[in-house]
Structure formats: structure tokens, C-alpha cells
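Report on the structure given below.
The values are calculated or read from the model by the stated rules, or taken from the named source; none is laboratory data. Values in this document were obtained by computation on a predicted structure and should not be read as measured data. Because the Cβ atoms are built from the backbone with ideal geometry, glycine has one as well, and the counts that use them run over all protein chains shown.
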Amino acid sequence: MATRPGAQHPRVLFQAAGEEEPPQRRLGKLTVKYNRKDLQRRLDIEEWIEEQLHFLFGCEEEEIPELEIDIDELLDLSDSEQRSKLHALLQECDKPTEDFISGLLYRIKGLRKMSPQLRK
């Protein structure tokens, strides 16, 4: 039986005879392959996209037309193809979309593509 020194709340760890240390907690597969900074950046971009779509369509999330803005798909395209793809996706929007498109393209610059086996 061992206790961890310096813990605010004492914690008792049981060890089997002959076992020196408990195994270290392994990082999840996703955080090993991609560092947290990259994952946080992608999440921030996705949240920004959602906020902007609410503004552009002037409605709640449930009322926004079915749009799938796939960041990884955009990363496979040239700059002009990215712009064309986004214009096509946003054709139903009544408000000007150029600021959104420019902002999104700026934000995804330098972003790494996620491997297909980890994507949804």
C-alpha cells in the first residue's frame, strides 16, 4: 500500500506483490498522432464556421440549410477551387459571403489534413 505524497486528498494505491509502479496512463490515439494545439485550432475553426453561418443565414442552427463544409476536402483543393466550392455551397445565402469565404480560407492556411481513418 502506498500513498502519493503532496496530494491534497490522500490517495491509496494498491500494488500487487512484486509490482513496483502502477502503469503510466497512455495518451489516446488521437492526441498521440495530432498534438492538442492542432486539434484545438481545428475545433476553433469549426466553431467559428458555425457562428458565421448563424450570422449569414440569420437563423438558428436547425433552420440553416444542410451545408457540409469539409475542411479536409478544402485542403485538397487549390485556392481558386476552394473559393469556388464555398461559393457553390453558400449559393442559397442572401447576405454577402465573400468576407466569410476569405476569413475561412485564411484560417485554414497551414492546417494539417486529418487522416481518413480518424475522421468521422
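Below are the figures for this structure:
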quantity: Evaluation of Asp38 against (1) within 20 Å of Met114 (Cα to Cα); (2) modelled with pLDDT under 70; (3) acidic (Asp, Glu) (one fails), failing number; calculated: (2)
quantity: All positions within segment 65-113 that are in contact (Cβ under 8 Å) with a residue 60 or more places away in the chain and of a type in the set (Lys, Arg); calculated: Arg107, Arg112
